[in-house]
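Heads up: the structure comes next, in structure tokens.
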Amino acid sequence: MQKLYQKILITVLVMCATWLFTLPVHAQVWGYPYKNVQDTYVDDFTPNDDDAITIGGGFREWADYPAADWSLDSDLYHEARFTVDDRNIYGFITLDSRHISGGWKNPMGEGYRIKVNGKDVAEVVLTDLNLNKAVHSDQPFNPNRLKRGEGTYVNVKVIDTSHGYYYRNFVAYGGYVYKGRYETYMEFAVPFAALGREGVDSSPSTTWNFNRTDSDGPGITYEGTSTGWLVPVVSAVILVMIGFIVLNKRKRSRISEK
């Protein structure tokens, strides 16, 4: 009977160790079909208290996150930032307000490219305030609609580039745009589940990259996810340590009995 208990304990330890090194953060099923638009899904963005960034809550939260100077090859773009937590990716872009006018048909470029472990996964575009119009139009949101000192929530279109640009998700109210005197600030959040048709599975070793689709530059690279995965990892480590301590004590007791 004692050997049976040892076998069960060893099996549990092996399972915990396997789980520890292969721990994924699984994407959930995303949204619901939007009316009769084929392969298009919509869901409201749901903020959480522990989100890395509060969309629409001011831009000071971005100060400590990785940044890139996009003004080197563009008169329109200034700074960009990017980060990831255990459920969303977040992007931040600043544009030159003086270059945003009625003459800009596509003032936000071609959108923003997301790569996961070096593979193109999705293109992100901030779209119209009207969700019905956003779903049926390819035009991004034009900041020229805003007056200086005015901000608004916008919808975020996520195009699945891993499946030939065919599948699209819409994150309702997942973005925010504010027009200042000299710069226009934009930020967005996209859940892992909305990145592509099947979503994206992420682990602490995942490498993310954020860039303009019309840029050949390196973009911004972010390694791993935030501390949201630490709780189950620490739990697994504790279980493994307890198991080895128990096995070691039993081994010593058998030796002393002899």
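Every number in this text was worked out from the coordinates using simple rules, so none of it is lab data. Source: prediction; values computed, not measured. Cβ atoms come from the backbone with ideal geometry, glycine included; neighbour counts cover every protein chain shown.
Over the range 27-224, calculate the relative contact order: mean separation of alpha carbon pairs under 8 Å at least 6 apart, over the residue count, as a percent.
Computed value for the range 27-224: 25 percent relative contact order.
So what does the Cα-only Debye profile of the range 27-224 read at q = 0.19 Å⁻¹, as log10 I(q)/I(0), no solvent term?
The Cα Debye sum returns log10 ratios of -1.48.
How high is the FRET efficiency between Asp50 and Thr213 when r is their beta carbon distance and R₀ equals 41 Å, given to the nearest 0.05?
The value I calculate is 0.85.
Report the net charge of residues surrounding Gly149, where surrounding means a beta-carbon distance below 11 angstrom and charges are Lys +1, Arg +1, Asp -1, Glu -1.
Result for the local shell: +3.
Asp49: net charge of surrounding residues, Cβ under 14 Å, Lys/Arg +1, Asp/Glu -1, itself excluded?
Local charge sum for Asp49: -4.
Ranked from highest to lowest mean number of other Cβ atoms within 10 Å per residue, what is the order of the peptides 118-127, 190-199, 52-61, 142-151?
In decreasing order of mean packing, 118-127, 190-199, 52-61, 142-151 become 190-199, 118-127, 52-61, 142-151.
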